[in-house]
1. For the chain, how big is Rg over Rh, using alpha carbon atoms and the Kirkwood form of Rh?
2. Once you charge only the Cβ atoms, +1 for Lys and Arg and -1 for Asp and Glu, what is the size of the charge dipole of the stretch 48-145 about its Cα centre, to the nearest 20 debye?
3. Going through the DSSP H helices of the chain, which span 20 Å or more along their own axis at the Cα atoms while scoring at least -1.0 as a mean Kyte-Doolittle hydropathy?
4. At a 10 angstrom cut-off on C-beta neighbours, averaged per residue, how do the peptides 130-139, 86-95, 71-80 rank from highest to lowest?
5. Determine, for each peptide in 43-54, 194-205, the mean count of other beta carbons within 10 angstrom over its residues, then list the peptides with the highest first.
6. With a cut-off of 8 Å between alpha carbons and a minimum separation of six or more residues, what is the relative contact order of the chain in percent?
7. Give the cross-link partners of K29 among the lysines, using a straight C-alpha distance below 21 Å as the criterion and excluding same-chain residues fewer than 8 apart.
8. Quickly estimate the mean residue ellipticity at 222 nm for the chain, helices only: each DSSP H run with n ≥ 4 gives -39500 (n - 2.57), and the total goes over all residues, rounded to 500.
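None of the figures in this text is laboratory data; all of them are computed from the coordinates on show. Just so it is clear, the model here is predicted, and its values are computed rather than measured. Heads up, the Cβs are rebuilt from the backbone with ideal geometry, glycines too, and the neighbour counts pull from every protein chain shown.
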Amino acid sequence: MARRKKIYEGKAKDLFEGPEPGTLVQYFKDDATAGNGEKRAVIEGKGVLNNRLSEFFMVGLQQIGIPTHFIRRLNMREQLIRQVEIIPLEVIVRNFAAGSMARRLGLEEGMPLPRPIVEFSYKDDSLGDPLVPEEYIIAFGWASQQDMDDVVSLALRVNDFLAGTLYGVGIKLIDFKIEIGRVWDNEFPRLIVADEISPDSCRLWDIETGQKLDKDVFRRDLGSLSDAYTEVARRLGVLPTNVTHRPAKPTLIN
Ligand code: 5GP
């Protein structure tokens with residue numbers, strides 16, 4: 001059988017040509033990186049968990065009318081997605097201060113923000129994904145003003161869905177990053193949620209204990225990343241069978 005053509009190699013995912021025009025296969029790897037690739041590890045089973053979790057969130061978004069690139073999961077590590085023209089931005093929504101915002105402004109991590117704040121980073125690893133104001137985005141032509149209005153509206157709807165869904169399983173959504181892509185339906189451009197939604201791209205804290213259940217566990221050496229992601233998947237009822245990783249200890253709640 002002919003091997004599929006790899007069209008993009010990322011830090012945590014690869015993209016392959018899809019079976020039909022306008023589709024791609026997204027493959028979730030076990031690689032974890034932090035600090036723009038300075039810290040690296042292979043976390044056995046992470047790709048399997050993120051494939052399931054991203055499927056869970058993308059399907060949920062679609063069910064409430066928010067378009068995403070997700071078509072269907074193919075197997076433990078792969079999903080079929082729509083090919084998009086990616087807008088070269090990381091769209092970040094914050095509900096509580098943490099990470100780069102807390103550092104930049106000298107805020108205590110976990111401080112509630114007066115309202116959800118949407119911010120943008122220009123996707124360029126060699127520059128360290130710098131924070132950019134909307135004015136740069138429009139001026140440099142990375143997206144139009146209309147696009148940006150749609151991006152903010154999409155991001156806030158995603159925030160409401162994710163925050164509510166996670167609250168239901170005892171998890172506080174501190175912040176997250178999404179990417180947005182453009183597709184053409186009958187010559188009409190439309191913006192849809194692309195890339196992935198997983199604990200790699202969100203900050204998730206247990207509501208009761210404040211325990212971190214996201215990639216900060218890896219970034220800050222706080223314990224087992226697989227245990228944290230397994231716990232998120234377990235609470236959401238999407239724990240896959242046959243993941244090579246087995247948690248060493250019992251689960252964290254109940
Ligand atoms: P911060 O700007 O505080 O480092 O990140 C804000 C949020 O966006 C966090 O949930 C973080 O995980 C996510 N995020 C920011 N940059 C990246 C990135 O390059 N890759 C991924 N996967 N997530 C990111």
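1. Values: Rg = 17.8 Å, Rh = 18.8 Å.
Rounded to two decimals, Rg/Rh equals 0.94.
2. Magnitude of the dipole: close to 440 debye.
3. Values: long enough: 46-63 (25 Å, -0.01); 145-167 (33 Å, 0.17).
The answer, listed by residue number, is 46-63, 145-167.
4. In decreasing order of mean packing, 130-139, 86-95, 71-80 become 86-95, 71-80, 130-139.
5. Ranking, from highest mean packing down: 194-205, 43-54.
6. So the answer I get is 18 percent.
7. K5, K6, K11, K13, K39, K46, K123, K177, K215
8. Dividing the helical sum by the residues of the chain leaves -8500 deg cm²/dmol.
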